[in-house]
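Q: One structure, pasted below without further comment.
The values are calculated or read from the model by the stated rules, or taken from the named source; none is laboratory data. What you are looking at is a predicted structure, and each value in this text was computed from that prediction instead of being measured. Cβ placement follows ideal geometry from the backbone for every residue including glycine, while neighbour counts extend to all protein chains displayed. Surface areas here come from the heavy atoms of the whole protein model, side chains and all, with no ligands, DNA or RNA. Shrake-Rupley method; radii C 1.70, N 1.55, O 1.52, S 1.80 Å.
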Amino acid sequence: MGLKEKSSDLRQRMRNALKGGGEKAIQKQKATGKLTARERILALLDPGSFHEYDLFVEHAAKDFDMDKKYLPGDGVITGTGTIYEHPVCIYAQDFTVAGGSLGWMHAKKITKIMDHALKLKVPLIGINDSGGARIQEGVNSLAGYGEIFFRNTLASGVIPQISVILGPCAGGAVYSPALTDFVFVVDKISKMFITGPEVIKTVIGEEISMEELGGARVHCETTGNAHFFAESEQQCFDQIKELITYIPWNNTRKAQPFPAKEPKSKTFKLEDIVPDSPKEPYDVRDVIRALVDDSEFLEVQELFAQNIVVGFSRLNGQTVGIVANQPMVLAGVLDVDSSDKAARFIRFCDAFNVPLVTLVDLPGYLPGVDQEYAGVIRHGAKVLYAYSEATVPKITIILRKAYGGGYIAMCSHHLRADFVFAWPLAEIAVMGPEGAANIVFRKEIAAAENPDEVRRQKVEEYKAKFANPYVAAAYGYIDAVIEPEETRNMLLHALQISEEKTVRMPEKKHGVPPF
Ligand code: HXC
């Protein structure tokens with residue numbers, strides 16, 4: 001055969017491989033509202049940028065008649081491409097080929113592209129749509145998963161890792177996504193669980209649908225296993241593309257800068273957002289939008305532990321990570337879930353050179369038996385650990401309340417914030433005036449002829465003394481008391497001045513955070 005014939009042979013081989021699981025399996029995939037693996041990659045990456053590798057990889061399994069089966073690409077597509085010209089490595093499991101199940105060569109393709117991503121120092125995106133370990137390949141499938149988990153851990157904090165769940169993701173398959181930085185899910189399409197409804201029914205007799213057990217909403221609202229919820233695959237890809245613009249390619253870089261833009265101040269006016277009374281709720285996302293470039297904010301885990309808000313924005317074109325108490329939900333308290341959410345986000349930002357802006361307005365940690373039994377001590381400590389360990393620029397604004405452990409935890413100077421500013425409304429104290437007066441003046445109140453009147457007086461006395469930013473400012477715990485309108489300028493300047501920040505931590509192999 002000459003080159004012409006060999007080229008024609010190549011094209012024929014490619015046509016065969018590109019058929020995936022065949023027309024019938026593709027139609028079944030489409031009938032469930034899902035795109036095929038290749039369509040997904042093409043929808044996500046810049047047009048014409050996808051380069052596929054290992055198209056001709058085949059499995060070598062023999063048992064259960066596997067030697068008679070041709071599985072194109074062994075059920076997974078791998079390659080490189082770009083998103084808005086940012087380079088990425090990507091894989092997508094092809095459910096039309098043996099249910100996207102993971103055999104040894106399937107796993108080898110994934111680990112090869114993971115090794116590439118780590119070596120080339122570019123983000124890794126994994127699109128999961130799979131029946132899990134390929135049953136016919138036995139322990140080799142389990143070995144394949146183990147090799148993936150090991151690499152996920154190795155790559156953690158070196159390159160951003162993104163998991164997209166676009167189909168079933170059962171058994172050990174959920175642990176690769178759980179080891180990555182961001183998990184994207186789509187309503188009605190994504191399903192994640194360790195053991196499915198059938199096993200649960202058999203073993204413990206509980207009946208539950210797949211959707212209720214591990215659907216997209218469950219993982220966004222209840223478990224916190226997923227970070228971004230979308231109504232459709234296309235919306236999910238748009239979210240991934242947006243995220244990629246905010247994060248750097250690897251831990252030695254900063255995120256690509258954007259042209260600076262003023263906030264849309266007509267829509268979001270600080271003086272109209274935060275009520276004077278410390279008890280009145282407001283949406284802290286309006287404060288964020290009033291401060292950041294173009295009022296744009298990409299919220300992470302929007303539906304989970306809504307008493308804290310975390311996400312990415314830009315200040316003067318530079319990506320920042322924002323952590324803000326949300327007075328609209330549970331008065332913005334820190335609890336088990338919000339501590340986990342904040343701590344994880346802080347660690348991502350610190351690993352990838354994203355400065356942290358913290359907006360404080362909280363009454364403290366949530367009291368209660370449920371919280372204590374759920375381990376609020378251990379979970380709450382994660383926030384202290386994450387902020388203390390973070391060496392990126394850390395700028396804190398106390399908007400209104402900062403009571404008790406909440407004051408310390410929300411990136412105070414004591415955890416090495418670089419700058420702490422407070423609005424004149426700020427109240428910094430061990431606890432709220434009512435609680436404090438009841439404890440400190442209990443005897444006087446009880447002995448009084450008119451206890452309510454004395455309590456009111458004592459509350460006012462306490463407020464006048466402690467419920468302001470000036471006691472903390474007198475000790476230098478606050479660098480400046482600022483008017484709300486000055487906040488953006490203070491942030492821009494603090495970021496500019498922190499550009500070359502370097503911190504040396506004590507030498508150690510690694511810390512032992514309260515996981
Ligand atoms: C081999 C599999 C497979 C698997 C699906 N298929 N899962 N082949 N190993 N794990 C094949 C089916 O035989 C079928 O092949 C094709 O994929 C499509 O599957 P269907 O069942 O027809 O699709 P659907 O009705 O949509 O159901 C999808 C499903 C179901 C819910 C995912 O297939 C399922 O329950 N699969 C098994 C899930 C599971 O228990 N996996 C093991 C988890 S344990 P044909 O040839 O008929 O088209 C695990 C351990 C890992 O993963 C531990 C690591 C630490």
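Q: Would you point out the residue of the stretch 101-136, among those that are within 24 Å of K241 (Cβ to Cβ) and assigned to a loop (DSSP other than H, G, I, E, B), that is farthest from the chain's Cα centre (by Cα)?
A: So, considering only residues that are within 24 Å of K241 (Cβ to Cβ) and assigned to a loop (DSSP other than H, G, I, E, B), the one farthest from the chain's Cα centre (by Cα) is K121.
Q: If you don't mind, another one. Could you list, in sequence order, all residues of the stretch 27-86 that are out of contact with any helix residue (DSSP H, G or I) (no Cβ under 9 Å at 6 or more places or on another chain), open to solvent by less than 60 Å² (accessible area, probe 1.4 Å) and under 20 Å from Q12 (Cα atoms)?
A: Answer for the stretch 27-86, where residues must be out of contact with any helix residue (DSSP H, G or I) (no Cβ under 9 Å at 6 or more places or on another chain), open to solvent by less than 60 Å² (accessible area, probe 1.4 Å) and under 20 Å from Q12 (Cα atoms): there is none.
Q: Can you pull out the residues in the stretch 317-334 that are part of a loop (DSSP other than H, G, I, E, B) and more than 19 Å from the chain's Cα centre (by Cα)? If you could, list the steps in order and put the result at the bottom.
A: Filtering the stretch 317-334 down to residues part of a loop (DSSP other than H, G, I, E, B) leaves 317, 326-329, 333.
G317, P327, M328, V329, V333 - these are the residues of the stretch 317-334 that are part of a loop (DSSP other than H, G, I, E, B) and more than 19 Å from the chain's Cα centre (by Cα).
Q: While we're on this one: Hey, does the stretch 179-189 have a residue that's under 21 Å from the mean Cα position of the chain (by Cα), among the aromatic types (F, W, Y) and in a helix (DSSP H, G or I)?
A: Among the residues of the stretch 179-189, not one is under 21 Å from the mean Cα position of the chain (by Cα), among the aromatic types (F, W, Y) and in a helix (DSSP H, G or I), which makes the answer no.
Q: Okay, moving on. Which one of these does T195 not meet: (1) open to solvent by less than 70 Å² (accessible area, probe 1.4 Å); (2) within 26 Å of A343 (Cα to Cα)?
A: That leaves (2) as the condition not met.
Q: When both residues are 6+ apart or on different chains and their Cβ atoms are under 8 Å apart, which pairs have a first residue that lies in the stretch 251-268 and is closer than 14 Å to E296 by Cβ, and a second that is aliphatic (A, V, I, L, M) and assigned to a loop (DSSP other than H, G, I, E, B)?
A: Close Cβ pairs (under 8 Å, with a partner that is aliphatic (A, V, I, L, M) and assigned to a loop (DSSP other than H, G, I, E, B)) amount to A255/I247; A255/V354; P263/V292.
Q: Does V369 satisfy being on the phi < 0 side of the Ramachandran plot and open to solvent by less than 50 Å² (accessible area, probe 1.4 Å)? Can you show your working first?
A: On the way: on the phi < 0 side of the Ramachandran plot: yes; open to solvent by less than 50 Å² (accessible area, probe 1.4 Å): no.
No; evaluated as a whole, the condition is false for this residue.
Q: Here's another thing I want to ask about it. Given the criteria hydrophobic (A, V, I, L, M, F, W, C), away from the ligand (no atom under 13 Å from the Cβ), in contact with a strand residue (DSSP E or B) (Cβ under 8 Å, 6 or more places away or on another chain) and modelled with pLDDT of 95 or more, does V122 qualify? Quick ask: steps written out before the conclusion?
A: Numbers: hydrophobic (A, V, I, L, M, F, W, C): yes; away from the ligand (no atom under 13 Å from the Cβ): yes; in contact with a strand residue (DSSP E or B) (Cβ under 8 Å, 6 or more places away or on another chain): yes; modelled with pLDDT of 95 or more: yes.
Considered against the rule, which asks whether it is hydrophobic (A, V, I, L, M, F, W, C), away from the ligand (no atom under 13 Å from the Cβ), in contact with a strand residue (DSSP E or B) (Cβ under 8 Å, 6 or more places away or on another chain) and modelled with pLDDT of 95 or more, V122 comes out as yes.
Q: Something else now. Exactly one condition in (1) within 19 Å of I247 (Cβ to Cβ); (2) out of contact with any Asp or Glu (no Cβ under 8 Å at 6 or more places or on another chain) is false for Y175; which is it?
A: Y175 satisfies every listed condition except (1).
Q: Go through the stretch 119-172 and count every residue that is β-branched (V, I, T) and open to solvent by 50 Å² or more (accessible area, probe 1.4 Å).
A: 3
Q: Does the stretch 450-467 contain any residue that is of a type in the set (A, V, I, L, M), over 24 Å from V287 (Cα atoms) and in contact with a helix residue (DSSP H, G or I) (Cβ under 8 Å, 6 or more places away or on another chain)? So that I can check it myself, show each step before the final result.
A: Quick first cut of the stretch 450-467, residues of a type in the set (A, V, I, L, M) only: 454, 459, 464, 467.
With the extra rule that they be over 24 Å from V287 (Cα atoms), the set shrinks to 454, 459, 464.
If we keep only those that are in contact with a helix residue (DSSP H, G or I) (Cβ under 8 Å, 6 or more places away or on another chain) too, we end up with 454, 459.
Looking through the stretch 450-467, at least one residue is of a type in the set (A, V, I, L, M), over 24 Å from V287 (Cα atoms) and in contact with a helix residue (DSSP H, G or I) (Cβ under 8 Å, 6 or more places away or on another chain).
Q: Same structure, new question: Would you check if E207 is open to solvent by 30 Å² or more (accessible area, probe 1.4 Å), charged (D, E, K, R) and not in a loop (DSSP other than H, G, I, E, B)?
A: So E207 does not fit the description; no.
Q: Looking only at the stretch 367-405, count how many residues are assigned to a helix (DSSP H, G or I) and touching a residue at least 60 places away in the same chain (Cβ under 8 Å). Outline the logic, then answer.
A: Filtering the stretch 367-405 down to residues assigned to a helix (DSSP H, G or I) leaves 369-373, 376-389, 404-405.
Adding the requirement that they be touching a residue at least 60 places away in the same chain (Cβ under 8 Å) leaves 378-379, 381-382, 385-386, 389, 405.
Total satisfying the criteria: 8.
Q: Here's a check for you: in the stretch 146-171, which residue that is more than 21 Å from G196 (Cα to Cα) and touching a Lys or Arg at 6+ places or on another chain (Cβ under 9 Å) is nearest to the ligand (Cβ to nearest atom)?
A: Taking the candidates together, the pick is E147.
Q: Name the one entry in A173, A178 that is of a type in the set (A, V, I, L, M) and modelled with pLDDT of 95 or more. Steps first, answer last, please.
A: Working: A173 fails: modelled with pLDDT of 95 or more.
Being of a type in the set (A, V, I, L, M) and modelled with pLDDT of 95 or more holds for just one of A173, A178, which is A178.
Q: In the stretch 174-192, what residues are open to solvent by 10 Å² or more (accessible area, probe 1.4 Å) and either away from the ligand (no atom under 13 Å from the Cβ) or touching a residue at least 60 places away in the same chain (Cβ under 8 Å) (or both)?
A: Answer for the stretch 174-192, where residues must be open to solvent by 10 Å² or more (accessible area, probe 1.4 Å) and either away from the ligand (no atom under 13 Å from the Cβ) or touching a residue at least 60 places away in the same chain (Cβ under 8 Å) (or both): D181, D187, K188, I189.
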